[in-house]
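This report refers to the structure that appears directly beneath it.
The values are calculated or read from the model by the stated rules, or taken from the named source; none is laboratory data. Quick caveat: nothing in here was measured; it's all calculated off a predicted structure. Methodologically, a virtual Cβ is constructed for each residue, glycine included, from the backbone with ideal geometry; neighbour enumeration extends over all protein chains shown.
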Ligand code: PRP
């Protein structure tokens, strides 16, 4: 099915306030501690860039690119690393930054994998959470907004590689159809 760009679901203004709120909570929680912020490519890059500029703790950034494989009947799978981190997280405070948590499988697999590296702590910050789509029990530690089960783009999120650069979150709608 083809989709077309539809209405704004979350405005840039609301996103900015959401990011500021998250940054404040994270800054308070970590205080003077150094924090390794790991963005999961590609979707997280805009959110992460906004978030880290508002954080007060010392921040070291890194990125990973992963893809999850799993069988339909199973709630967990394996995560294939396409690009690994460069930084050693052993004994460090680590914050994973994601644009969206949907089934939860990527995060759940990723957390399991990073825990084997024995960080001092491992938390997750996600901009948008779709709890209706969850296939495994996982909750992010910091959630920007809970959103309905809509096909969204913008602010890092794509449709066939496009629309990541939109400042607002918008809904993709079926081409020619009424939703
Ligand atoms: C998206 C998102 C998460 C994952 C969430 O990435 O950035 O990594 O899907 O889905 P889940 O909770 O069902 O596992 P995507 O694979 O679309 O790659 P992208 O970030 O490069 O767009």
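Below are the figures for this structure:
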| item | result |
| --- | --- |
| Residues of segment 84-134 classified as assigned to a loop (DSSP other than H, G, I, E, B), under 23 Å from residue 46 (Cβ atoms) and without any contact (Cβ under 8 Å) to a residue 40 or more places away in the chain, total | 6 |
| Of the criteria (1) surrounded by 15 or more Cβ atoms within 10 Å (Cβ to Cβ); (2) out of contact with any helix residue (DSSP H, G or I) (no Cβ under 6 Å at 6 or more places or on another chain); (3) in a strand (DSSP E or B), which one residue 39 fails | (2) |
| Condition check for residue 65: surrounded by fewer than 19 Cβ atoms within 10 Å (Cβ to Cβ) and under 27 Å from residue 168 (Cβ atoms) | yes |
| Count of segment 112-126 residues which are within 15 Å of the ligand (Cβ to nearest atom) and surrounded by fewer than 17 Cβ atoms within 10 Å (Cβ to Cβ) | 2 |
| Enumeration of residues in segment 135-145 that are within 14 Å of the ligand (Cβ to nearest atom) and either part of a strand (DSSP E or B) or over 20 Å from residue 78 (Cβ atoms) (or both) | 139, 140, 143, 144 |
| Some residue of segment 150-168 being within 14 Å of the chain's Cα centre (by Cα), assigned to a loop (DSSP other than H, G, I, E, B) and more than 17 Å from residue 51 (Cα to Cα) | yes |
| Options 91, 31, 43, 21; residue that is within 16 Å of the ligand (Cβ to nearest atom) and either modelled with pLDDT of 95 or more or over 22 Å from residue 158 (Cβ atoms) (or both) | 43 |
